[in-house]
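One structure below.
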Amino acid sequence: MSTRTPNRPTTKKPVSNSANRRRDNAQGNRSAWLRHHRDCASQSLMRLLRNPVSSALTWLVIAISLTLPTLFYLALSSLQSQTEQWQEGGQITLYLEQGLPDTDGDRLTRELDARPEVARAYYISADEAWTSFQETLSINRQALGFTDNPLPASIVVVPAQQNSSQLEALQLIIRGLPEVEDVQLDLAWIDRLNRFLELIYSVVTGLALLLGVAVLLVVGNTIRLAIESRKDEIRVIKLLGATEAFVRRPFVYLGIWYGLLGGVAAWILVTAVAWWLRSPLTAFLNTYGLEANVSWLGFTDTLVLILASIGVSLAGAHIALQRHLKDAEPR
Amino acid sequence: MIHFDQVSKRYEGGHEALSSVSLHIEKGEMVFLTGHSGAGKSTLLKLITRIEKASSGQLRVNGQILNRLRRSQIPHFRRNLGIVHQDHQLLMDQTVYDNVALPLIIAGEHPKDVTRRVRAALDKVGLLEREKYRPIQLSGGEQQRVGIARAVVKKPAILLADEPTGNLDPGLSRDIMELFSEFNRVGTTVLIASHDLGLIARLNYRVASLQDGKLMSTPFEGRRT
């Protein structure tokens with residue numbers, strides 16, 4: 001029956017010729033569709049590379065627009081990893097009642113340690129505190145005129161979260177404990193740092209949004225010019241029966257290429273700037289006794305950067321096509 | 001094949017380009033459309049190609065009622081038409097081959113079939129050895145023949161031509177008209193808008209004449225459906 005297609009495995013049920021033809025057509029349409037996608041992708045890239053100067057201007061603008069927020073993001077994530085190192089700084093010291101037995105102190109420490117909002121808690125007995133105090137001052141208790149140990153036992157609590165509202169909640173719980181005489185916490189600077197980071201984060205987000213709109217406009221305008229320069233061609237192919245999707249496809253790919261090239265260029269710029277700033281930043285942080293921890297863009301970050309670039313460029317292309325393809329109807 | 005029933009076209013601003021035109025062109029017929037510039041020839045062709053929509057009346061082309069055609073159906077409808085323009089509307093940055101291949105690429109034909117059919121069409125118009133040229137390197141008559149090759153490469157049911165000999169000298173014009181006659185002989189329905197009355201008179205085909213948007217004479221031939 002189907003001598004036309006000998007390679008195809010024979011089906012059990014007899015298939016009519018028209019059904020066969022319909023299937024051939026469907027397969028033909030799909031491969032034609034794939035072929036056109038492939039052709040559009042390569043032709044758009046060729047078009048772009050044929051005018052290297054004008055296309056480079058577009059994707060460089062994309063690259064620079066994306067580099068700024070990405071660098072801020074890098075700086076921010078470096079800072080955040082620093083503050084994790086400083087987690088120890090945000091500790092709370094609980095001074096216990098004078099004369100509380102060490103066993104009670106130990107029990108309370110274990111209870112606090114088990115709480116989810118506490119990263120770590122350790123007990124300093126009155127004797128340990130007194131020994132450490134004398135060692136620090138290099139004198140003994142007789143020289144100070146004390147016969148008894150005047151220091152109370154204490155528990156040092158390292159909170160799990162450095163978020164200021166969670167810290168305040170933990171502080172309230174601790175103040176409620178009957179064995180606790182006094183609480184001393186060193187949290188104000190952490191609070192300040194966190195608020196500062198939140199502020200920077202908002203600034204970076206706003207900047208990224210603003211520059212994203214810039215990329216949208218730049219790509220949109222470039223695609224608009226491309227449509228403008230090929231208006232006659234669009235009119236002709238519409239009259240020859242081209243569908244809307246067929247007409248749009250080369251411009252959509254143009255947008256994808258701009259996004260990809262811009263994204264890759266942005267990655268190169270970010271990496272170059274990070275490399276450039278590495279040694280002065282290390283030297284600067286070392287003066288504060290801090291370990292430099294300059295991060296690079298990881299695989300995921302790179303992927304996000306390039307995909308975001310392609311996504312915004314595609315959106316720009318779509319806006320341009322939506323607005324300007326209508327002007328190219330056959331006359 | 002092409003049926004105008006009381007078709008009128010009014011443009012915004014009130015100008016009536018066609019008023020109550022009834023014209024029936026049967027399958028396999030070849031018809032000339034004449035009239036002064038501004039008489040409505042171009043408007044009539046634009047209605048058939050669905051560039052414009054009729055204001056009233058019914059227009060049926062290739063079995064489809066054009067006023068009911070959805071926007072998304074227009075491209076597929078147009079693939080059954082071959083259109084030849086006065087200024088041939090070739091893509092100047094592409095080769096003769098690519099220009100002629102365009103309707104086949106748009107229809108998603110297989111590359112093997114494309115090559116075969118483009119060569120056949122170029123052979124028909126006598127330009128096979130010019131396939132690698134750019135249109136700008138060809139003479140006016142040759143460019144027009146490339147335009148015709150592009151119009152017939154998909155073997156359309158209907159061939160439309162708008163002043164196809166408008167820019168050509170009499171000898172070349174005769175050759176072009178002879179080409180259209182050949183396509184008509186193998187069954188293509190042909191409608192040619194032209195004001196070259198001398199040339200039309202020498203060819204023995206039906207003539208529809210437009211004046212101020214009205215059809216003057218349509219000596220009816222063939223059967224009405």
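B:Gly126 meets each of the listed conditions (1) at the interface with chain A (Cβ under 10 Å from one of its Cβ atoms); (2) part of a loop (DSSP other than H, G, I, E, B) apart from (1).
Filtering A:Ala265, A:Ala226 for residues that are in contact with a Phe, Trp or Tyr (Cβ under 8 Å, 6 or more places away or on another chain), touching a residue at least 12 places away in the same chain (Cβ under 8 Å) and more than 14 Å from chain B (Cβ to nearest Cβ) leaves a single hit, A:Ala265. Taking the criterion of being under 14 Å from A:Trp257 (Cβ atoms) and buried (at least 22 other Cβ atoms within 10 Å of the Cβ), the residues of region A:55-71 that qualify are A:Thr58, A:Trp59, A:Ile62, A:Ala63.
Rundown of residues vs (1) within 14 Å of another protein chain (Cβ to nearest Cβ); (2) surrounded by fewer than 20 Cβ atoms within 10 Å (Cβ to Cβ); (3) assigned to a helix (DSSP H, G or I), yes/no style:
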| site | (1), (2), (3) |
| --- | --- |
| A:Ala242 | yes, no, no |
| A:Tyr258 | no, no, yes |
| A:Thr271 | no, yes, yes |
| A:Trp276 | no, yes, yes |
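Of all residues in region B:201-212, those being modelled with pLDDT of 85 or more and either of a type in the set (D, E, K, R) or touching a strand residue (DSSP E or B) at 6+ places or on another chain (Cβ under 6 Å) (or both) number 6.
The requirement of being surrounded by 19 or more Cβ atoms within 10 Å (Cβ to Cβ) and out of contact with any Cys (no Cβ under 9 Å at 6 or more places or on another chain) is satisfied by B:Val118. Taking region B:2-97 as the region of interest, the strands (runs of 3 or more DSSP E) fully inside it that hold 2 or more residues being touching a strand residue (DSSP E or B) at 6+ places or on another chain (Cβ under 8 Å), at pLDDT 90 or above and at the interface with chain A (Cβ under 10 Å from one of its Cβ atoms) are B:81-84. Do you know which residues across region A:188-229 are modelled with pLDDT of 90 or more and charged (D, E, K, R)? Answer for region A:188-229, where residues must be modelled with pLDDT of 90 or more and charged (D, E, K, R): A:Arg224, A:Glu228.
Among the conditions (1) more than 11 Å from chain A (Cβ to nearest Cβ); (2) buried (at least 18 other Cβ atoms within 10 Å of the Cβ); (3) assigned to a helix (DSSP H, G or I), B:Ile105 misses just one, which is (1).
Looking at region B:170-203, which of its residues are closer than 15 Å to B:Gln86 by Cβ and free of Cβ contacts under 8 Å to residues at least 60 places away in the same chain? B:Leu172, B:Ser173, B:Ile176, B:Met177, B:Asp196, B:Leu199, listed by residue number.
Residues are listed down the side, and each one gets a yes or a no for (1) surrounded by 23 or more Cβ atoms within 10 Å (Cβ to Cβ); (2) under 13 Å from the mean Cα position of the chain (by Cα); (3) in a loop (DSSP other than H, G, I, E, B):
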position	(1), (2), (3)
B:Ala151	yes, yes, no
B:Lys154	no, no, yes
B:Leu160	yes, yes, no
B:Arg174	no, no, no
B:Glu178	no, no, no
B:Asn184	no, yes, no
B:Ile192	yes, yes, no
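Note on region A:306-331: residues that are assigned to a helix (DSSP H, G or I) and acidic (Asp, Glu) amount to 1.
Out of B:Gly82, B:Gly147, one residue alone is crowded, with 19+ Cβ neighbours inside 10 Å, closer than 30 Å to B:Val21 by Cα, of a type outside the set (S, T, N, Q) and touching a His at 6+ places or on another chain (Cβ under 7 Å). It is B:Gly147.
The values are calculated or read from the model by the stated rules, or taken from the named source; none is laboratory data. The shown structure was predicted, so the numbers you read here are calculated from the model rather than taken from an experiment. Heads up, the Cβs are rebuilt from the backbone with ideal geometry, glycines too, and the neighbour counts pull from every protein chain shown.
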